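K.L.:
Below is the structure I would like to discuss, written out as structure tokens.
Nothing in this text is a laboratory measurement; each read-out follows from the coordinates by a stated rule. Everything numeric in this text was worked out from a predicted model, so none of it was measured. For neighbour counting, all protein chains shown are included, and Cβ atoms are generated from backbone atoms with ideal geometry for every residue, glycine included.
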Amino acid sequence: MDLAIRSLPFLWEGLLVTLHVSALVVALSLVAGIVLGLALVFGPRWLYWPIRVYADFLRGIPLLVLIFFVYYGLPAFRVNLTNFASAILALSAFKTAHVIELVRGAVQSIPRGQMDAGRAIGLTFGQRLLWVIAPQAVRRFLPPWINAVVDTVKGSALVSLVGIVDLMLAIQQVIGRTYEPMPMYVLGAIMYFAINYSLSLASRQLEAHFAYVRD
Amino acid sequence: MAIRGLRKAFGPQPVLDGIDLEVRKGEVVVVIGPSGSGKTTLLRCINLLERYDEGSIRVDGVEVGFRDGAEGRRQRRSERELAHIRADIGMVFQLFNLFPHLTARENVMLGLRKVRGLPKREAARVAEQWLGRVGLTDKLDRLPAQLSGGQQQRVGIARAVAMEPKVLLLDEITSALDPELVGEVLTVVRELAGDGMTMIVVTHEMTFARDVGSRIVFMDGGRIQVEGTPREVLAETVHERLRAFLRRIELKHH
């Protein structure tokens, strides 16, 4: 117990790194995923297949393989990234593939007639997207996206394997010095859970905010 | 409005096979015909929800689908130009297609604000006025899901006419309604016709067609087969397929 408390400042540093990595990945994948997802649905045909292949391929390989590929593999092509940049790039690329799929699903779930109705009153494509499609698609997008965010936080533990001292690696370093794994792993699990449970709570608020039929 | 030599095909299958139709200001042209005859496609071409392959559609002298390019070649219009043209052509849909996340008032306001550029207050005022016209003054803040089919369709009509279109297209607007709700929607349309709104109406309601139609057009196989006054088309026709069609409709309603 005493040990756990003394290690807290060190774990706190690790926790901040985990949050930092997760936040960056969530933000980058959200922006890229929305742009590419919309391009997949509405874009020209020559854009369809590259995006389709990207989304399917990246979702089909283990995240750890992707991280190692970027960190250890890319130098062979004379692309040398720091471990932090590699981790962010790999995690974001992976998460973007998921967000593309979520955006596609959410947008395609909106009936065709909605676009027709928007056209019929003279809205331009951008206006239809903004005022007709987006408000409806957001509701379908949010629940699976929150899951994806939770997955990102958990998946970020893998960055410890390229030497980034996140919460995971901080825990292991403490264990390395004390040889007492159990209390530290329990503490670590509680910290991950605390992050993700707060996220779930926040998401319920968010979903309620975007629900337009309140019953 | 003038349609000349309009053709459209989905793949090898012609859907519109040379349509000529003229609609004068204030006229109500009713289009009847069996399903698959191209009626709905015709309406959807008029405000460019579908592209047409050949021929021309002019509303107030303006070609809808194309602009004249260099050397007399036709160029497809840009999205922005299309939006501009569509704003003057109203459409009411069979399945209402109301925006489910917006209240009745907001459904009507959206086009007024984003397309016509009215300030919020003014848009709300116009929306309330039109929703009042269709008898929904007490439902302004309801979401579509909280309205009956007939009420939803009346919001759909208000949304279209609030834009003050030059021509209003009605695409089987009572087909998805329970029989007891059809009357309230048709009453609204009758009033609009009385006010001189130019309309093209696709419908299976023959009584309604006879009452409000200045002219009736019978389509079959992507062509206009018969065109004339309601009496000529509905009562006095000798056209065989039209008579068969009218008999089938009558059977369904009795």
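K.L.:
Are there chymotrypsin sites (Phe, Trp or Tyr not before Pro) in the stretch A:119-215 that DSSP marks as loop and that have at most 16 other Cβ atoms within 10 Å, and which are they?
P.N.:
Of the chymotrypsin sites (Phe, Trp or Tyr not before Pro), the ones in loops of the stretch A:119-215 whose Cβ has at most 16 other Cβ atoms within 10 Å are A:179, A:212.
K.L.:
I would also like to ask the following. Against the globular-protein guess of 2.2 N^0.38 Å, express the Cα radius of gyration of the stretch A:54-99 as a ratio, rounded to two decimals. Can you show the working numbers first?
P.N.:
Numbers: Rg = 10.3 Å, N = 46, 2.2 N^0.38 = 9.4 Å.
So the Cα radius of gyration is 1.09 times the expected 2.2 N^0.38 Å.
K.L.:
Enumerate by residue number the GluC sites (Glu not before Pro) in the stretch B:41-111 meeting two conditions: DSSP loop (anything except H, G, I, E, B), and at most 13 other Cβ atoms within 10 Å of the site's Cβ. Spell out each step's value before the answer.
P.N.:
Numbers: sites: B:50, B:54, B:63, B:71, B:79, B:81, B:106; in loops: B:50.
Passing sites in the stretch B:41-111 do not exist.
K.L.:
At each listed q (0.19, 0.24, 0.25 Å⁻¹), what is the log10 of I(q)/I(0) that the Debye formula gives for the stretch B:18-85 modelled as equal alpha-carbon point scatterers?
P.N.:
Values returned for q = 0.19, 0.24, 0.25 Å⁻¹ are -0.86, -1.22, -1.29.
K.L.:
Same structure, new question: Divide the volume of the convex hull of the Cα atoms of the stretch A:140-180 by its number of residues and quote the answer in cubic angstrom per residue.
P.N.:
On the way: hull volume 2.6 nm³, N = 41.
Dividing the Cα hull volume of the stretch A:140-180 by its residue count gives 63 Å³.
K.L.:
Along the principal axes of its C-alpha atoms, what lengths does the stretch A:33-73 span, in descending order and rounded to whole Å?
P.N.:
Here the Cα extents, ordered largest to smallest, are 35, 17, 15 Å.
K.L.:
Past the 20 Å Cα-Cα mark, which pairs from B:8/B:39; A:95/A:154; B:114/B:139? All intermediate terms of the calculation are to be shown ahead of the outcome.
P.N.:
On the way: B:8/B:39 12 Å; A:95/A:154 12 Å; B:114/B:139 23 Å.
Violating the 20 Å limit, Cα to Cα: B:114/B:139.
K.L.:
List the pair-distance distribution P(r) of the stretch B:43-138, using every Cα-Cα distance, as the percent of pairs falling in each 5 Å bin from 0 up to the bin containing the longest distance, rounded to whole percents.
P.N.:
Result returned by the calculation: 2, 11, 18, 19, 16, 13, 10, 6, 3, 1, 0, 0.
K.L.:
Here is a follow-up. Share of Cα-Cα pairs in chain A beyond 25 Å, in percent? Walk me through the intermediate numbers first.
P.N.:
Values: 11445 of 23005 pairs.
Above the 25 Å cut-off, chain A has 50 percent of its Cα pairs.
K.L.:
Kirkwood-based Rg over Rh for the protein assembly as shown (C-alpha set), two decimals? Provide the component values of the computation, followed by the final result.
P.N.:
Working: Rg = 29.8 Å, Rh = 26.3 Å.
Result for the protein assembly as shown is an Rg/Rh of 1.14.
K.L.:
Which FRET efficiency value, to the nearest 0.05, is calculated for residue B:180 and residue B:232 with the Förster distance at 35 angstrom and r the Cβ-Cβ distance? Write down the numbers at each step before the final one.
P.N.:
Values: r = 32 Å, r/R0 = 0.91.
Rounded to the nearest 0.05, the efficiency is 0.65.
K.L.:
For every helix of n ≥ 4 consecutive DSSP H residues, a contribution of -39,500 (n - 2.57) applies; sum these over chain A, divide by its total residues, and give [θ] at 222 nm rounded to the nearest 500 deg cm²/dmol.
P.N.:
Working: 8 runs with 161 residues, N = 215.
When only DSSP H runs of four or more count, the value is -26000 deg cm²/dmol.
K.L.:
Using only the alpha carbon atoms of the stretch B:76-130, find the Kirkwood hydrodynamic radius as the inverse mean reciprocal pair distance, in angstroms to one decimal. Please list the in-between numbers first.
P.N.:
Working: mean 1/r = 0.0808 Å⁻¹.
The Cα-based Kirkwood calculation yields 12.4 Å.
K.L.:
Given the alpha-carbon gyration tensor of the stretch A:161-215, what are the semi-axes of its equivalent ellipsoid in whole angstrom, ordered largest first, with each equal to the square root of 5 times an eigenvalue?
P.N.:
Semi-axes (√(5λ), whole Å): 37, 12, 5.
K.L.:
Provide the three semi-axes, in whole Å and in decreasing order, of the ellipsoid equivalent to the stretch B:201-251 as defined by the square roots of 5 times the Cα gyration tensor eigenvalues. List each step's numbers first, then the result.
P.N.:
Values: eigenvalues 43, 32, 25 Å².
Square roots of five times the eigenvalues give 15, 13, 11 Å.
K.L.:
While we're here: Just the Cα atoms of the stretch A:88-171, one point each, no solvent: what log10 I(q)/I(0) does Debye give at q = 0.15, 0.19, 0.20, 0.23 Å⁻¹?
P.N.:
With no solvent term, the Cα-only Debye profile gives -0.66, -0.84, -0.89, -1.03.
K.L.:
Additional query: Using only alpha-carbon positions, what ratio does the radius of gyration of chain B give when scaled by 2.2 N^0.38 Å?
P.N.:
Dividing the Cα Rg of chain B by 2.2 N^0.38 Å gives 1.02.
K.L.:
Next up: Using the alpha carbons of the stretch B:101-193, what is the convex hull volume per residue in cubic angstrom, as a whole number?
P.N.:
Details: hull volume 8.9 nm³, N = 93.
Dividing the Cα hull volume of the stretch B:101-193 by its residues yields 96 Å³.
K.L.:
For the stretch B:107-165, what's the relative contact order in percent, using C-alpha pairs closer than 8 Å and at least 6 residues apart? Don't skip to the answer; put the middle values down first.
P.N.:
Numbers: 43 pairs, mean separation 28.3, N = 59.
Relative contact order comes out at 48 percent.
K.L.:
Still on this structure, I have one more. Say a site is exposed when it is one of the trypsin sites (Lys or Arg not before Pro), sits in a DSSP loop, and has at most 14 other Cβ atoms within 10 Å; what is then the longest site-free stretch of chain A?
P.N.:
On the way: sites that count: A:78, A:214.
Here the longest segment lacking exposed loop sites spans A:79-213.
K.L.:
By a straight-distance test (C-alpha under 18 Å), which lysines pair with residue B:25 as possible cross-link partners, with residues fewer than eight away in the same chain excluded?
P.N.:
Cross-link targets: B:166.
K.L.:
Next question, about the same structure. Say each of residue A:65 and residue B:249 gets a label point 7 Å from the Cα, pointing the same way as Cα to Cβ; how far apart are those two points in nm?
P.N.:
Each label point lies 7 Å from its Cα, and together they span 6.3 nm.
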